[in-house]
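The values are calculated or read from the model by the stated rules, or taken from the named source; none is laboratory data. Predicted model, so just to flag it, every value in this text is computed and none were measured. All Cβ positions, glycine included, derive from the backbone under ideal geometry; neighbour counts span all protein chains shown.
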Amino acid sequence: MSQRTFSIIKPDAIRKGHAGAILADIEKAGFKIVAIKKLSITKPQAEGFYYVHRERPFFGSLTEFMSSGPIMALVLEKDNAIADLRKLMGATNPANAEEGTIRKKYASSIEENAIHGSDAEDTAKFEIGYFFAGHEMV
Ligand code: ATP
Ligand code: MG
């Protein structure tokens, strides 16, 4: 069944000029780009987005990184979008990511790992709403 997920091309990938290649991989994998924007977020906005990770030891560094430069926010749609995007992204730590995955190809480290993808239906809904209004999705 057709499903929507939320993704971010993270600041490291934008800085290195990989945004276009990552978008091409996403489209080649059969996702429809329902919404897209390039923007910068503040540290408090990154803290709100990653609220579930607030107790993790890397929370300060992660939110610093996510507010360190422009990102691209995306809403993506296909059958089984949430699980399929996670598969296309590869493991959180690029050292463990499978060949051909976005993190294997473009990530620098476990933190600067090129892309975010929602991990469940409820988080996808929250994350889409955090970045997009209904009229921005087509
Ligand atoms: P994402 O939520 O970004 O799609 P994920 O679900 O694979 O990635 P999470 O465990 O949700 O990973 O962690 C969120 C993000 O926090 C990671 O993508 C990464 O940028 C950062 N992160 C995770 N683990 C570490 C760590 N041990 N050290 C530094 N940063 C980390
Ligand atoms: Mg996650």
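Some points to look at:
- Out of 91, 95, one residue alone is within 18 Å of residue 13 (Cα to Cα), aliphatic (A, V, I, L, M) and not in a helix (DSSP H, G or I). It is 91.
- The range 2-26, residues that are under 19 Å from residue 124 (Cβ atoms) and not aliphatic (A, V, I, L, M): 2, 3, 4, 5, 6, 7, 10
- Pair list, Cβ under 8 Å, 6 or more apart: the range 55-69 residue farther than 16 Å from residue 39 by Cβ, other residue modelled with pLDDT under 95 and of a type in the set (Phe, Trp, Tyr): none
- Selection within the range 65-82 - surrounded by 13 or more Cβ atoms within 10 Å (Cβ to Cβ) and outside any loop (DSSP other than H, G, I, E, B): 65, 66, 71, 72, 73, 74, 75, 76, 77, 78, 81, 82
- Output for the range 115-128, where each listed residue is more than 9 Å from ligand 1 (Cβ to nearest atom), small (Gly, Ala, Ser) and touching a strand residue (DSSP E or B) at 6+ places or on another chain (Cβ under 9 Å): 124
- Here is the figure for the range 108-138: residues that are assigned to a loop (DSSP other than H, G, I, E, B), away from ligand 2 (no atom under 14 Å from the Cβ) and under 13 Å from the mean Cα position of the chain (by Cα) total 1.
- Residue within the range 4-18 that is out of contact with any strand residue (DSSP E or B) (no Cβ under 7 Å at 6 or more places or on another chain) and among the acidic types (Asp, Glu) present: yes
- Among the residues of the range 24-57, those identified as exposed (fewer than 13 other Cβ atoms within 10 Å of the Cβ) and within 13 Å of ligand 1 (Cβ to nearest atom) are 51, 52, 54, 55, 56, 57.
- Test for residue 81: is it away from ligand 1 (no atom under 12 Å from the Cβ) and either within 12 Å of residue 7 (Cα to Cα) or in contact with a Pro (Cβ under 6 Å, 6 or more places away or on another chain) (or both): yes
- Among the residues of this structure, residue 103 does not count as one that is out of contact with any His (no Cβ under 8 Å at 6 or more places or on another chain), without any contact (Cβ under 8 Å) to a residue 60 or more places away in the chain, within 15 Å of ligand 2 (Cβ to nearest atom) and part of a loop (DSSP other than H, G, I, E, B).
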